[in-house]
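The values are calculated or read from the model by the stated rules, or taken from the named source; none is laboratory data. All figures in this text were calculated on a predicted structure; none of them were measured in a lab. Note that each Cβ is placed from the backbone with ideal geometry, even for glycine, and that neighbours are counted across all protein chains shown. Keep in mind that these areas ignore ligands, DNA and RNA; they rest on the heavy atoms of the full protein, side chains included. Shrake-Rupley method; radii C 1.70, N 1.55, O 1.52, S 1.80 Å.
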Amino acid sequence: MIKFDFTTYMKSLNTKDYHTKIEEIKNKLETETDMNDWYDIDKCISKEVLEDVIKTSKYIRKNCDVFLVIGVGGSSLGARAITDAFKPYFGKSDGPKIIFLGSSLSSTYLKELLDYIADKDVIVNVISKSGTTFETNLYFEYIYEVLKKKYSTEELSKRIIVTTDAKSGKLRKLVNQKKYKAFDLPSNIGGRYSVLTVVGLLPIAVMGIDVKEMLEGAKAVDKEKAFEYAIIRDLLYKEGKLVESFTIYEPKLENFVEWIKQLFAETQGKNNKGILPVATLNTGDLHSLGQFYQEGSNFLFETVINIENSSDIYINKYNLSLDKINEIVAHQVAKSHVKNKTYSNFISMDKLTPFNMGYLIYFFEVAAATGGYLLNVNPFDQPGVNEYKNLVKEELSRYEQN
Ligand code: PA5
């Protein structure tokens, strides 16, 4: 269950004027066909593909020590967010170790990864919609050569899984040539809206997380709440609140906030518009960023994502559970930040469950897309990202060996 509180730590805002605009946006979300299939959960993944994802995840769990997911941005952040949320802090989770590769060009990371996997069985899932992303291609080509030396051609063919566009791109060409196992990435869904497609759901299922429950959670979203949140963000933006801190009190949500950052930044940050999303991890950041939120330039607001019940740890001194103490701190912090006009929205889940995480993913997707439309920008493109991709390609082509 998810609870929303958009009033207690918020200034009173007049949302009435948005009625017509929101009706227009709802209509767009329901009828516009360009990159909008994510809005209908049933279009994110068909029953057959979902069964294939679950079957494949069981195969992966049985046949490797390391499941290597190669991808970046929307092709990696969603799966990372959810698998990290459910990973134990200490010790090993059951199933293979899931490692993500692609979000940096750290040669140390790659070197240590190669050492780590040297004596382990590996299955790779390379994920790229375009098939042209520089980091993904560089790492996949490197790992592919390593695995070619490690496994026979027949064995290798059981260890490569490609998630890419059904028709185009370099990876699709490879699949057609080598007949590797492949999943088609829905052509009408962009990276940051693709967690609930095969892009996110395969790695998530490999972790042993109930992906069907996540989809149920997504279907249960109260969209009116997402529209209300989008309106609040828009009103605050117009008042000069240019930064939104997604504030968490549970480190397991750290990568979930990374995904949220990408969702809002790429959806709204264009044409010199948009709210900059940042992450705050309390209580640690209360002893650093907290000072700024309390007394610094007041151009930001917060959206707190809270988990009410995580464990049965009890603190006798206060006759309270540690979860309750965490919640009390979160509320007192919001109360004190209001004094600097740093307002807070509260989103609380009763427990960290696949259902609740599926709910929140879809909730934030609806809110982000609505926010994009409110700013009159295209919520589904990312020309800025493509800009750098092209420049890197151009420069490196000067060095490319054939
Ligand atoms: O959200 C997006 O569309 C981007 O972040 C992409 O997912 C990212 O750039 C990776 O692109 P691709 O899947 O084509 O490799």
Q. When Lys and Arg each count +1 and Asp and Glu each count -1, what net charge do the other residues less than 14 Å away from L138, Cβ to Cβ, add up to?
A. -2
Q. For segment 216-230, in order, what is each residue's ³J(HN,Hα) by Karplus, 6.51 cos²θ - 1.76 cosθ + 1.60 with θ = phi - 60°, in whole Hz (x at glycine and Pro)?
A. 4, x, 4, 5, 7, 4, 7, 5, 4, 5, 5, 5, 4, 4, 4
Q: Summarise the accessible area of segment 37-212 (1.4 Å probe, protein heavy atoms) by the percent that is carbon and sulfur.
A: 53 percent
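Which order, highest average first, do 358-364, 331-337, 28-34 follow once you tally other Cβ atoms within 10 Å for each residue and take the mean per peptide?
For the peptides 358-364, 331-337, 28-34, the packing ranking is 358-364, 331-337, 28-34.
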Q: Hey, can you grab everything whose amide H is under 5 Å from the amide H of V278? Only 5+ residues off in sequence or another chain; H modelled, so Pro and N-termini drop out.
A: E244, S245, F246
Q: Please determine, in degrees from 0 to 90 and to the nearest 10, the orientation of helix 47-63 with respect to the longest principal axis defined by the Cα atoms of the chain, where the helix direction is its Cα long axis.
A: 70 degrees
Q. Given only helices, namely DSSP H runs of n ≥ 4 each adding -39500 (n - 2.57), what is the per-residue ellipticity at 222 nm of the chain, to the nearest 500 deg cm²/dmol?
A. -15000 deg cm²/dmol
Q | Cα-based radius of gyration of segment 128-244 once divided by 2.2 N^0.38 Å, which approximates compact folds | A | 1.45
Q: Could you tell me which of the pairs K43/K111; K212/K241; K225/K324; K129/K149 are separated by over 29 angstrom between their Cα atoms in the structure shown?
A: K43/K111; K212/K241
Q: Determine the per residue accessible area of the chain with all protein chains present and a 1.4 angstrom probe, expressed in square angstrom.
A: 48 Å²
**Q.** Cut-off 15 Å between beta-carbons: net charge of the residues surrounding P186, Lys and Arg +1, Asp and Glu -1
**A.** -3
Q | Radius of gyration and Dmax over the Cα atoms of the chain, both given in Å | A | 21.8, 69
Q: Send over the per residue convex hull volume for segment 37-212, Cα only, as a whole number of Å³.
A: 112 Å³
Q. Could you give the angle, 0 to 90 degrees to the nearest 10, between helix 77-86's Cα long axis and the longest principal axis of the Cα atoms of the chain?
A. 80 degrees
**Q.** Bins of 10 Å, starting at 0 and running to the largest distance - Cα pair percent for segment 198-352
**A.** 9, 34, 36, 18, 3, 0
(Q) Can you say what percent of the DSSP beta bridges in the chain, counting only those with both residues inside, are antiparallel? Round to 5. (A) 15 percent
Q.
Positive end of the dipole of the chain, charges at C-beta (+1 Lys, Arg; -1 Asp, Glu), about the Cα centre: which of S311, V122, G73 has its Cα farthest in that direction?
A. V122
Q. In debye to the nearest 20, how big a dipole does the chain give about its Cα centre with +1 on each Lys and Arg Cβ and -1 on each Asp and Glu Cβ?
A. 600 debye
Q. Tally Lys/Arg at +1 and Asp/Glu at -1 over every other residue whose Cβ is under 11 Å from the Cβ of N282; what's the total?
A. -3
(Q) I'd like the Karplus ³J(HN,Hα) series for segment 170-179: coefficients 6.51, -1.76, 1.60, θ = phi - 60°, whole numbers in Hz, and an x wherever there's a Gly or Pro. (A) 4, 5, 5, 4, 4, 4, 5, 5, 9, 6
(Q) Can you list residues from other chains, or at least 5 along the same chain, whose modelled amide H is less than 5 Å from the amide H of Y314? (A) L322
Q: Among I260, V221, Y249, pick out the residue whose Cα is farthest towards the positive end of the charge dipole of segment 213-276, where Lys and Arg carry +1 and Asp and Glu carry -1 on C-beta, about the Cα centre.
A: I260
Q | Sequence-distant residues sharing a close amide H with S344 (under 5 Å, placed H) | A | Y9, M10, E302
